[in-house]
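Student: This is the structure I have questions about; it appears just below.
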Amino acid sequence: MTDNAILYSFRRCPYAMRARLALTISEMSYEHREVSLRNKPEAMLEASPKGTVPVYVMPSGEVIDESLAIMRYALSKNDPQNWLFDTTDRTSEFVRLMDEDFKPHLDQYKYASRYDDDAKRGDVNLDHRAAAVALLQKWEAALSESDYLLRDTPSFADIATFPFIRQFAATEKEWWATKPLPKVADWLDSCLKSDLFKRIMKKRPLWEPPVQEFASS
Ligand SMILES: N[C@@H](CCC(=O)N[C@@H](CS)C(=O)NCC(=O)O)C(=O)O
């Protein structure tokens with residue numbers, strides 16, 4: 001048992017961003033532990049052996065190690081902007097498209113050198129960029145109807161998805177500036193300019209586990 005909940009997080013991870021956004025809007029208090037993905041703390045791996053961030057550990061020791069579940073947990077406690085307002089399948093469809101369909105294309109576009117042969121090393125993969133753009137047409141269409149995906153203010157679908165689209169947009173900034181998806185570009189700008197996003201992107205030092213004191217005999 002500890003006094004405070006703990007969040008193991010990595011600043012630039014989009015999954016950790018969505019968890020931090022929900023925890024922050026819900027005003028949940030927790031100890032932020034910034035980790036290096038190359039050197040994950042033992043305490044985090046003990047809590048969640050699968051080794052992904054975010055990991056949320058409740059004061060009782062109960063662990064939530066999936067970003068969407070952390071979002072839902074935080075918002076179930078306090079949802080001041082009614083991010084959970086949508087009770088239809090529209091939210092889950094955006095989230096499913098993002099996590100299952102868009103994310104693999106994002107990874108292979110952005111990190112093409114991990115997947116392709118040496119001749120292509122360092123290049124972005126334009127086939128995956130095109131496939132990702134095709135998926136984002138659903139975002140573009142929704143944003144032609146309202147300022148955010150489901151209404152004129154943000155809700156779960158926006159918060160759960162924009163951190164990934166941020167990564168996509170940042171991969172080739174000059175290309176994104178040509179506005180291949182104009183509504184998505186404006187929506188992303190609004191999300192990135194928000195005070196909430198600025199708060200969750202504050203830079204923090206890496207968490208250092210406390211040094212074990214050995215009793216001298
Ligand atoms: N399904 C997980 C995915 C989390 C995830 O894959 N996070 C990445 C960082 S963005 C990670 O921790 N990868 C492990 C690693 O890089 O070692 C969730 O939604 O929380």
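Student: What is the one condition in (1) more than 9 Å from the ligand (Cβ to nearest atom); (2) modelled with pLDDT of 95 or more; (3) in the same structural domain as L126 (by TED's automatic domain parsing) that D99 does not satisfy?
Tutor: Unmet for D99, out of (1) more than 9 Å from the ligand (Cβ to nearest atom); (2) modelled with pLDDT of 95 or more; (3) in the same structural domain as L126 (by TED's automatic domain parsing): (1).
Student: On to the next question. Let me confirm something: among A74, A16, A5, which residue is within 11 Å of the ligand (Cβ to nearest atom) and free of Cβ contacts under 8 Å to residues at least 60 places away in the same chain?
Tutor: Testing whether each residue is within 11 Å of the ligand (Cβ to nearest atom) and free of Cβ contacts under 8 Å to residues at least 60 places away in the same chain leaves just A16.
Student: Continuing with this model, one more query. Applying the selection to the stretch 74-114, what residues are among the small types (G, A, S) and closer than 17 Å to P154 by Cβ?
Tutor: Filtering the stretch 74-114 down to residues among the small types (G, A, S) leaves 74, 76, 92, 112-113.
Matches in the stretch 74-114: A74, S92.
Student: Restricting attention to the stretch 150-170, and to residues there that are hydroxyl-bearing (S, T, Y) and surrounded by 17 or more Cβ atoms within 10 Å (Cβ to Cβ), which single residue is nearest to N125 (Cα to Cα)? Write out each step before concluding.
Tutor: From the stretch 150-170, those hydroxyl-bearing (S, T, Y) are 153, 155, 161; that's our starting set.
Checking which are surrounded by 17 or more Cβ atoms within 10 Å (Cβ to Cβ) leaves us with 155, 161.
Numbers: S155: 31, T161: 21 Å.
Taking the candidates together, the pick is T161.
Student: What are the residues in the stretch 23-51 that are within 12 Å of the ligand (Cβ to nearest atom) and either within 18 Å of F197 (Cβ to Cβ) or within 19 Å of the chain's Cα centre (by Cα) (or both), if any?
Tutor: If the condition is that a residue be within 12 Å of the ligand (Cβ to nearest atom) and either within 18 Å of F197 (Cβ to Cβ) or within 19 Å of the chain's Cα centre (by Cα) (or both), then V35, S36, L37, R38, K40, M44, S48, K50, G51 are the ones that fit.
Student: Could you grab me the full set of residues in the stretch 160-174 that are among the aromatic types (F, W, Y) and without any contact (Cβ under 8 Å) to a residue 40 or more places away in the chain? It would help to see each step written out before you state the result.
Tutor: The first filter runs over the stretch 160-174 and keeps only residues among the aromatic types (F, W, Y), leaving 162, 164, 168.
The one that is among the aromatic types (F, W, Y) and without any contact (Cβ under 8 Å) to a residue 40 or more places away in the chain: F162.
Student: How many residues, within the stretch 78-95, are among the β-branched types (V, I, T) and buried (at least 17 other Cβ atoms within 10 Å of the Cβ)?
Tutor: So the first thing to find is which residues in the stretch 78-95 are among the β-branched types (V, I, T), and the list is 87-88, 91, 95.
Keeping just the survivors that are buried (at least 17 other Cβ atoms within 10 Å of the Cβ) gives 91, 95.
Adding up the residues that qualify gives 2.
Student: Can you work out which of the residues in the stretch 83-110 that are more than 26 Å from R129 (Cβ to Cβ) and of a type in the set (A, V, I, L, M, F, W, C) is farthest from the chain's Cα centre (by Cα)?
Tutor: By that ranking, first place goes to F85.
The values are calculated or read from the model by the stated rules, or taken from the named source; none is laboratory data. No experiment lies behind these values; they were computed from the predicted model shown. Heads up, the Cβs are rebuilt from the backbone with ideal geometry, glycines too, and the neighbour counts pull from every protein chain shown.
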